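The values are calculated or read from the model by the stated rules, or taken from the named source; none is laboratory data. Predicted, not measured: the structure shown is a model, and the values here were computed from it. Heads up, the Cβs are rebuilt from the backbone with ideal geometry, glycines too, and the neighbour counts pull from every protein chain shown.
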Amino acid sequence: MSSPAHAVVATARPTLERLLGHARTLLRPRAVAYAERSGTQVATWTAAAAFDEVMPRLASLVAGRDRPLLLPRLDAWQGSIEVHEGLVRDLGKSRAQAVWDVAAGCSLLIVPVCGSIGQRLGTIVALREGGEAQFSAADLRNAQVLADLSALALERAELVELESRRAHRELRLKRASEEIAASLDPEAVVERLAEQARAVTGGEFAIVLRLEPGATRATLAAAAGIDRAAARAESLDSGLVAEVARSRRPWLGDASGWRGPATVSVGSLALAPLGTGARVRGVVCVGHPDPQGLDHEALEALVELLRFADVAIANALEHTRERRIAEALTLGFVPAPLPALPGYELGLVYEPAADAITGGDVYGAWELNGGAIALLVGDAAGKGVESAALSAMVRFFAEARSADASDPLAAFAEVNRLLARRLPNDVFVTAFFAVLQGTQIDWALAGHLPPVLIENGEIRELGPGGLPLGITEEPQLERGAHVLRPGATLVAYTDGVVEARRERELFGRERLLELLRERAHNDSAQQLAEAVREAVLAFSNRPQDDLLVLVVRRSAG
C-alpha cells in the first residue's frame, strides 16, 4: 500500500516530497526515507504496513552515516540487530517477527546527502525486494546523483526558511518596538516592555525587574502573563538575576537557579540585562513551562528588543525630566484662577501644541497697586523648555516692573529693554499688555496680533503696531486707550488660533471674526473662549501650535 510523505519542516516539505517521488521513480523501492542529520525522521514513503514500523528505526540509525552502502539483504547489515530488537521491544515478539520477516530479506541502499561544502545534511535509505530485484550498482549511482541534486534543493529550502524566519522576527521586533515607543510615560513604557518581551520570545510570562544604584534588591517594575502579586523582588547578592546584572550578559537555560514565583511552573528561562554599556536599568526575565520552550533564537529576540526598549525608556525619562523642568519654570507664573474683577467677567482657554512638553504662549492677569488689573497675552519664540523659560521670564518681568509703577505701560517698555539685553538675536516675544481700571482699558501692542473688540454690534481690531519685545532696546510699542461700554467684549489670542492648519488651508482671521460676531452676545466670557478653541480643534483635529484665548467682558448692567 502507498502512504504520503510526512515532513516536519514546513519550508522543506515540498522539496522532501519531490525527493521521495524521484527516489520512487529511479529506485523502485518498497520503502524509502530521508533522515536529517540529527537522526530525526523527516519524510517516508512505504508500500506495505510492515515497513511503517521498520523505517523510523532504520532511518534514525543510518542518519549519522557519511558513506554510501549497498547490501543484498537488510539482515546482513550489522545495524539490523538493533532494528530487530527495537521491534521486539515495541511490538512484542510475535508481531515483531511478522514485520521482520517482510523486511529482513529486502535489499538495503544507504546514500548520505552532503551540502555544497561537504557538510552532511541527512541520509536517504531505501529497501527493495531481494533476489534478482535487489538494488544494483547502477541504482547506487542514481541514488548518489539524486542525493547531490537534493542537497542543492534542501540547502536552498533551508536558506528560504532562515530568511523567512529572519524577516518574521524583524517584523515582530519592529512592531513590538513601535508599541513600546508609542508612550512617553516611563511606567507605561516598562509595562509595554513586559508584554512585548513575552510576545517576541513566545514565553509564558515576562517580568521586568528594576535596578537602582546601590540597592541590594531588584524591585518589580512590570509583569505580563503572571499575577503581579506572585512576582517578587530579587536579591542582588546571588542567583541568576544578580549574575546577569553583574556580568551584563544574557542567560538561557533551566530554572533551577532562579528564585522566581513559586506558583509558576518554569521549565526554561531567558534573562537579559536592560541597558547599554556600564549602565544597567534592570533585568528582564521570560519563562516557559516547557524545558525546550525558549531557545537561543528567543534569547536573541529578547536582547534585540531590549536595545530598542532602552532607547524608549531613555526618551520617556528625558521627556518627563523636561516636563518637570518646564512645569517648575512656569510654576507660580501662571494665574489660576483668574482674579475677580468687579463689573467684569474673564474667560481663558490655553491649549499647548499637540505632544508638546509645555507651551510657549505667555498669559497673565494680576492686580496692580491701586486696584487696577493688568492683562498680558503673548507668544515666545521657540518650543519646549526654552520657550517655557522665556515665557516665565517675560511674565515675571512684566509683573515685577508694573506692580507699583505709576505708568504700567511705560514700565512694560522697561521689560523690552531687559529682554533685549538677555535674549539671543533670533529670539523675541510678541505681546499684548493692558491695564483695566474702572471702565477704561489702556493697552500696548508689541508686534502681537491685535485683539478684537465687539461693542454695540460692531467688531474691530485694536492695532496693529509695534515691534516684538527683545529685538531692540528702544521700545517701539503701539499704545492706545478705550472706554468700554456696558456689554463690550475684548478678545486677545495667539497665532495658534488663526494659523491652525488643515492640509494647506489656515483657520484664518475671517473665520475667527465670524465666530466672534455670531457668539459674542449670547455666550459668557468663558463660553466664548471655549467656543474658539472647539472651532479650531474641529478645523485642524489637533493644535500644531500653542493656542491661547483671553476674553474680557464688561457687565451689561
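Tabulated values for the structure
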item	result
Every residue from segment 536-557 that is in a helix (DSSP H, G or I) and either free of Cβ contacts under 8 Å to residues at least 40 places away in the same chain or not assigned by TED's automatic domain parsing to the domain that holds LEU436 (or both)	ALA538, PHE539
Options ARG192, ARG175, ARG210, ARG217; residue that is buried (at least 16 other Cβ atoms within 10 Å of the Cβ), closer than 19 Å to ASN315 by Cα and without any contact (Cβ under 8 Å) to a residue 24 or more places away in the chain	ARG192
Test: residue in segment 498-517 that is modelled with pLDDT of 90 or more, in contact with a Ser or Thr (Cβ under 6 Å, 6 or more places away or on another chain), assigned to a loop (DSSP other than H, G, I, E, B) and farther than 21 Å from ILE441 by Cβ	yes
Pair list, Cβ under 9 Å, 6 or more apart: segment 29-46 residue surrounded by fewer than 22 Cβ atoms within 10 Å (Cβ to Cβ), other residue assigned to a strand (DSSP E or B) and modelled with pLDDT under 85	GLU36/VAL42; ARG37/ARG120
Among (1) modelled with pLDDT of 90 or more; (2) more than 25 Å from LEU20 (Cβ to Cβ); (3) buried (at least 17 other Cβ atoms within 10 Å of the Cβ) - the single one VAL111 does not satisfy	(2)
Of residues in segment 425-440 being surrounded by fewer than 24 Cβ atoms within 10 Å (Cβ to Cβ) and among the aliphatic types (A, V, I, L, M), the one nearest to the chain's Cα centre (by Cα)	VAL427
Qualifying residue in segment 339-357 (condition: modelled with pLDDT under 85, of a type in the set (A, V, I, L, M, F, W, C), part of a helix (DSSP H, G or I) and out of contact with any strand residue (DSSP E or B) (no Cβ under 8 Å at 6 or more places or on another chain))	no
Residue satisfying all of: in segment 10-42; over 24 Å from TRP100 (Cα atoms) and in contact with a Phe, Trp or Tyr (Cβ under 8 Å, 6 or more places away or on another chain); modelled with the highest pLDDT among these	LEU19
Test: residue in segment 480-492 that is of a type in the set (Lys, Arg), assigned by TED's automatic domain parsing to the domain that holds GLY364 and over 26 Å from VAL429 (Cα atoms)	yes
Residue, surrounded by the fewest Cβ atoms within 10 Å (Cβ to Cβ), within segment 522-535, restricted to residues that are without any contact (Cβ under 8 Å) to a residue 60 or more places away in the chain and assigned to a loop (DSSP other than H, G, I, E, B)	ASN522
Only one of GLY118, GLY79, GLY105 that is surrounded by fewer than 18 Cβ atoms within 10 Å (Cβ to Cβ), closer than 20 Å to SER38 by Cβ and at pLDDT 90 or above	GLY79
Criterion (within 22 Å of GLY360 (Cα to Cα) and either small (Gly, Ala, Ser) or at pLDDT 90 or above (or both)) met by exactly one of GLY465, GLY480, GLY457, GLY487	GLY465
Test result for ARG175, part of a helix (DSSP H, G or I) and within 30 Å of VAL200 (Cβ to Cβ)	yes
Selection within segment 446-479 - surrounded by 15 or more Cβ atoms within 10 Å (Cβ to Cβ) and part of a strand (DSSP E or B)	ALA446, GLY447, VAL452, LEU453, ILE454, GLU455, ILE459, LEU469, GLU478, ARG479
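Yes/no per residue for (1) closer than 30 Å to LEU109 by Cα; (2) of a type outside the set (Asp, Glu):
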residue	(1), (2)
GLY131	yes, yes
ASP148	yes, no
ALA167	no, yes
LEU173	no, yes
SER177	no, yes
GLU195	no, no
